[in-house]
Amino acid sequence: MENSGKLYVFEGMDGSGKTTLSRLLKHHFDSVGINSLLMTFPGQELGTLGRHIYQLHHKPLDFQVQSINPTSLQLLHVAAHIDAIDKQILPALRSGVTVILDRFWWSTWAYGSVYGANNTTLRQIIQAELTHWCGIKPTALFFLNRKSGFVEKGSTIQGQRIERAYLNLARRQQHRHPLLIIQNDKSIEETMTSLVKYIENPRMRSRFRSQGLYVRKSISRTS
């Protein structure tokens, strides 16, 4: 599919700062006159399937649902992803709009695999989502890592498992599109400044390494 818009993706575990940075990047694009669209997965926009699934995920009892099987939950998330891709994201990219995406299919794999979803099914539903991306790859994917992000639902061990799942996925995906690791332990202002500098001039990689924002050329396997 031909598209003229750019796609910037933020990934990382809860608490890594990706939502804050994606909103700040949207504000930056607005301030410099770049037409952009901020989207979240599974979704927060009123009147969307993503919003409904987000609420079902976080407050199942409001829907008289006692619990959701981990594999079923990820199926619901991917359904919301596909709905947003077809209805909003692809049309925006085709029209030249820059899309900022808070979460990607990476979260489906990282969280699903750690919380007990069937890995074979995860691969199949991720492939279904990729079909709907029509070959589009991120202009850059920013993976945010943060020490405080280890605390995932009160469990440091669980948080470390999710981080390893993300890093192993990053190792497998690192040659498919520009991938940047952001060690987001500085102030949000410092991280945002580095991020904007990269977007404006992605060739200046050496400078970004000294600022905690760098292209990961070779990611070793994590155990």
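List of remarks:
- Some residue of region 104-111 being buried (at least 19 other Cβ atoms within 10 Å of the Cβ), β-branched (Val, Ile, Thr), within 26 Å of residue 29 (Cα to Cα) and out of contact with any Leu (no Cβ under 6 Å at 6 or more places or on another chain): no
- Candidate set: region 114-145, residues that are small (Gly, Ala, Ser) and surrounded by 13 or more Cβ atoms within 10 Å (Cβ to Cβ); chosen: the one farthest from residue 14 (Cα to Cα): 128
- Filter pass, residue 54 being in contact with a Pro (Cβ under 7 Å, 6 or more places away or on another chain) and either exposed (fewer than 13 other Cβ atoms within 10 Å of the Cβ) or more than 21 Å from residue 22 (Cβ to Cβ) (or both): no
- Residue that is farthest from residue 93 (Cα to Cα), among those in region 37-83 that are among the β-branched types (Val, Ile, Thr) and in contact (Cβ under 8 Å) with a residue 24 or more places away in the chain: 71
- Of all the residues in region 1-56, those that are in contact with a Gly (Cβ under 6 Å, 6 or more places away or on another chain) and aliphatic (A, V, I, L, M) number 1.
- Pairs with Cβ under 8 Å, 6+ apart, first in region 180-194 and in contact (Cβ under 8 Å) with a residue 40 or more places away in the chain, second in a helix (DSSP H, G or I) and hydroxyl-bearing (Ser, Thr, Tyr): 180/198; 182/191; 182/194; 184/191; 188/20
- When region 183-202 is filtered for residues that are closer than 22 Å to residue 163 by Cβ and part of a loop (DSSP other than H, G, I, E, B), the ones remaining, listed by number, are 184, 185, 186, 187.
- Filter result (of a type in the set (Gly, Ala, Ser) and touching a residue at least 12 places away in the same chain (Cβ under 8 Å)) within region 8-36: 12, 15, 16, 17, 22, 36
- Single residue of region 1-46 satisfying the filter (over 18 Å from the mean Cα position of the chain (by Cα) and acidic (Asp, Glu)) that is nearest to residue 83 (Cα to Cα): 2
Read-outs throughout are calculated quantities, based only on the coordinates presented, and are distinct from any laboratory measurement. Remember, predicted model here, so these are calculated numbers, not experimental data. Positions of Cβ are backbone-derived with ideal geometry, glycine not excepted, and every protein chain shown enters the neighbour counts.
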